[in-house]
Amino acid sequence: MKKATVSLAAILVCLAALAPASELGFGPRLGFTSAGSLDQVHFGGHVVVPNLTTNLHLIPSLELGSGDGTLIALNGDVVYEFTELATGGWGLYGGGGPVLTRYDGEGADHTDFALNLVAGVTRDIRSD
């Protein structure tokens, strides 16, 4: 487990280091999971490494979940920004990537490695 976590974190840090610091973006993450008997609030942060190629971005993130147990997730998402659909500062994106999770709670603990899918909406809040 430790070896896999360190390896994935090292890969994500190396990829993020390839972009000039002036091009990196940062942001918070917040969410809620309700699946069966699991209810959790998630919070964390992400780094956006823009333009791996046109409209393709690497977004490594770390999330912590609390509620029914404790969840730690390390994500390495790659997303495509649908700029052709953007209008008025709003945009759409979709993609996915690897996720390494560690869950402790309710007498159980386990570590999982999986692939996830993501989709979302963005809003440009920069003032010109």
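The values are calculated or read from the model by the stated rules, or taken from the named source; none is laboratory data. In this text the structure is predicted, and so the values were computed from the model without any measurement. Glycine gets a Cβ as well: all are built from the backbone with ideal geometry, and neighbour counts include every protein chain shown. What goes into the accessible areas is simple: the full protein's heavy atoms, side chains included, and nothing from ligands, DNA or RNA. Shrake-Rupley method; radii C 1.70, N 1.55, O 1.52, S 1.80 Å.
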- Query: Out of all the residues in segment 30-46, which are modelled with pLDDT of 80 or more and open to solvent by 60 Å² or more (accessible area, probe 1.4 Å)?
  - Reply: LEU30, PHE32, ASP39, VAL41, PHE43
- Could you please find all residues in segment 32-48 being farther than 17 Å from GLY120 by Cα and assigned to a strand (DSSP E or B)? SER34, ALA35, LEU38, ASP39, GLN40, VAL41
- Query: Which residues, counting only those in segment 65-101, are touching a Leu at 6+ places or on another chain (Cβ under 9 Å), open to solvent by 70 Å² or more (accessible area, probe 1.4 Å) and in a strand (DSSP E or B)?
  - Reply: THR70, ILE72, TYR80, LEU92
- Query: On the given criteria, is LEU52 closer than 25 Å to GLU23 by Cα, in a strand (DSSP E or B), open to solvent by 70 Å² or more (accessible area, probe 1.4 Å) and of a type outside the set (Phe, Trp, Tyr)?
  - Reply: yes
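Quick one: would you say ASP104 is in a strand (DSSP E or B) and open to solvent by 30 Å² or more (accessible area, probe 1.4 Å)?
Numbers: in a strand (DSSP E or B): yes; open to solvent by 30 Å² or more (accessible area, probe 1.4 Å): yes.
Yes: the conditions hold for ASP104.
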